[in-house]
Amino acid sequence: MPDHLVPMVEARSVRKAFGPVDVLRGVNLSVGRGEVVCIIGPSGSGKTTLLRCLNRLESIDSGRVLVDGQLVGYREGSKGRLVESTYDELRRQRQAIGMVFQRFHLFPHRTAIENVMEGPKVVLGTPDKEARARGSELLAKVGLSGRENAYPSQLSGGQQQRVAIARALAMDPKLMLFDEPTSALDPELVGEVLGVMRDLALSGMTMVVVTHEMDFAREVADRVVFMDGGVIVEEGSPSDILNDPQHPRTRSFLSRVA
Amino acid sequence: MTSAHTAEQRDSALPEEPPVLPLDPHRPLAVGRILGTLSAILVAGWLAYAVIVNPNIHWDVIVDHQFDDRVLHGLWVTIELTVLSMAIGVPIGVGVAVMQMSANPLLRSLAGAYTWFFRGTPVLVQLLFWFNLGLLFPRLELGVPFGGPKLFSVEASAVITPFVAGLLGLAINEGAYMAQIVRAGIMSVDHGQREAAESLGMSRRKVLTRIILPQAMRIIIPPTGNQFISMLKTTSLVSVIAGADLLTTVSRIYLGNFEVISMLVVASIWYLLLTTIASVGQHYIERHYSRGVHSPQRLSRRVRHNLTGNPAMGAHDA
């Protein structure tokens, strides 16, 4: 298959249990290059776990997870079984996958710009001056020019999340994962973060977004995936899923969040 | 009231001025507290008087010996022992803490056995063991085991001087306590920090040294400062193995001039000075590692807490 036809993300029959609880029960998901996919669903539906499997923050029990045509965190072993790859192999793959967390997880002992510079400097060995220039550029892009030297504790939640997005972008990822990026924010701060994400989507970034923001999904997503009980119940265009859901579980979920 | 708030604006904003409900700022007289204070002053004054005018404390002897060359040398040995045993004990503690949290069960049990043994026996006993190591291993050798060729081989008694025995005993014992402190520090760092760093593709070592440990420092530093201060005093135990430290030195002097109490006062003044200086240093180090977390604590408060053992310390308040 030519490179541009290989999907950016491919999950095949991914299964995962936490102890006795089956969190993912055979999930298939494919995300094309430049596509923005929003995953919605009730809490406990497995959507965050699925997202975390895409960069191997969670291990999987069976199935295949490929990013850009490569297995993530595993290698094909004998008899078609997977073996775990080494941490060094995994971390090379993770460099190309940006991750934004619900609770930001900025490094509290580093200023905004140092947070953004940390990845390029430590992982890629970018010289300080270059990393700083790129850092200011990215902070400007997320609307935080002038806050370079603020520590995370001096920033609002919305500002912290925008720094976190800039920090992920500093590694020049080919894929961005968002785990409920606005769920920990005060309502009046949600808009600024979604605005940055909207710009990013328009610039052609491939994005997988776990979210409860139905308006964002309607406006920005190319495709909406509804998960419940560890499986994908229904997926399709935002208007199909959000306005005209076929499955009763989708309908009942949407009627509760709308 | 700023100039923007004219009386007119106020009138329109608040149609009715709320009445002032006065409070009496004076605390009522408490007889118990007054009696307690008076008796405390009395007891303290009486003690101070009894010490100052006591004919058995020879202040002239104290003044004479405070800067005695032998005392200063003992003081220097105490400082050396403290700094070196902490300098060796802290890295041991970090290493053992990382081992304790390792996925490898062998490393974990080795680290567990280390802390179990060295925290479970008195440091005084350990010092005596190290000092008498020659009875267990008359020669210290490095080479191929079971009779193979030797890289070097020395008499234990030549290597294990009182200073070396003291240093080994104190440092290795300290490592066990530091391991617990470092482990608590590492565990205090939110797991999300590790995930965020790993998501950027950082190596395990970089995650530890650049993200986890600097944040753990905030938790590690206050008890480490206390360990340092406590080590300044624990070094006096090496006097049992003729360690040439401050206490050994003053006791040698009082065995000659019989000024037992005066010489102990000389030593105590030095110990107090050292621990006070260490508290000031601790304050500045803590301030450095609390970057981005909270406003710094006042120096005077820090020193007072340290010297009086008030548990409400450091990173937790302010």
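Here is how the numbers come out for the structure above:
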{"item": "B:Glu174 of a type in the set (Asp, Glu) and touching a strand residue (DSSP E or B) at 6+ places or on another chain (Cβ under 8 Å)", "result": "no"}
{"item": "Among (1) away from chain B (no Cβ under 14 Å); (2) over 23 Å from B:Gly201 (Cβ atoms); (3) part of a helix (DSSP H, G or I) - the single one A:Ser136 does not satisfy", "result": "(2)"}
{"item": "Enumeration of residues in region A:72-88 that are more than 14 Å from chain B (Cβ to nearest Cβ) and surrounded by fewer than 18 Cβ atoms within 10 Å (Cβ to Cβ)", "result": "A:Arg75, A:Glu76, A:Gly77, A:Ser78, A:Lys79, A:Gly80, A:Arg81, A:Leu82, A:Val83"}
{"item": "Residue check, A:Ala131 within 18 Å of A:Asn55 (Cβ to Cβ), within 13 Å of chain B (Cβ to nearest Cβ) and touching a helix residue (DSSP H, G or I) at 6+ places or on another chain (Cβ under 9 Å)", "result": "no"}
{"item": "Out of B:Ser203, B:Ser230, sole residue that is facing another protein chain (nearest Cβ under 9 Å), without any contact (Cβ under 8 Å) to a residue 12 or more places away in the chain and hydroxyl-bearing (Ser, Thr, Tyr)", "result": "B:Ser203"}
{"item": "Scope region A:148-177; condition within 14 Å of another protein chain (Cβ to nearest Cβ) and surrounded by fewer than 17 Cβ atoms within 10 Å (Cβ to Cβ); matching residues", "result": "A:Asn149, A:Ser153, A:Gln154, A:Asp172, A:Lys174"}
{"item": "Criterion: within 14 Å of another protein chain (Cβ to nearest Cβ), under 19 Å from the mean Cα position of the chain (by Cα) and assigned to a helix (DSSP H, G or I) - qualifying residue of B:Ile269, B:Ile211, B:Ile221", "result": "B:Ile221"}
{"item": "Residue count for region B:180-200, restricted to those that are at the interface with another protein chain (Cβ under 7 Å from one of its Cβ atoms), of a type in the set (Gly, Ala, Ser) and in contact with a helix residue (DSSP H, G or I) (Cβ under 9 Å, 6 or more places away or on another chain)", "result": "2"}
{"item": "Residue check for A:Gln102: surrounded by fewer than 22 Cβ atoms within 10 Å (Cβ to Cβ), within 23 Å of A:Val193 (Cα to Cα), at the interface with chain B (Cβ under 8 Å from one of its Cβ atoms) and not hydrophobic (A, V, I, L, M, F, W, C)", "result": "no"}
{"item": "Residue count for region A:38-90, restricted to those that are under 23 Å from A:Leu5 (Cβ atoms), among the acidic types (Asp, Glu) and in contact (Cβ under 8 Å) with a residue 12 or more places away in the chain", "result": "1"}
{"item": "So A:Val65, is it surrounded by 21 or more Cβ atoms within 10 Å (Cβ to Cβ) and under 12 Å from the mean Cα position of the chain (by Cα)", "result": "no"}
{"item": "Matching helices (runs of 4 or more DSSP H) fully within region B:107-198 where at least 2 residues are farther than 30 Å from A:Leu124 by Cβ and among the polar types (S, T, N, Q)", "result": "B:162-188"}
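None of the figures in this text is laboratory data; all of them are computed from the coordinates on show. Worth saying up front: this structure is predicted, and the values here are computed from it rather than measured. Counting neighbours? That spans all protein chains shown, and the Cβs are built from the backbone with ideal geometry, glycine included.
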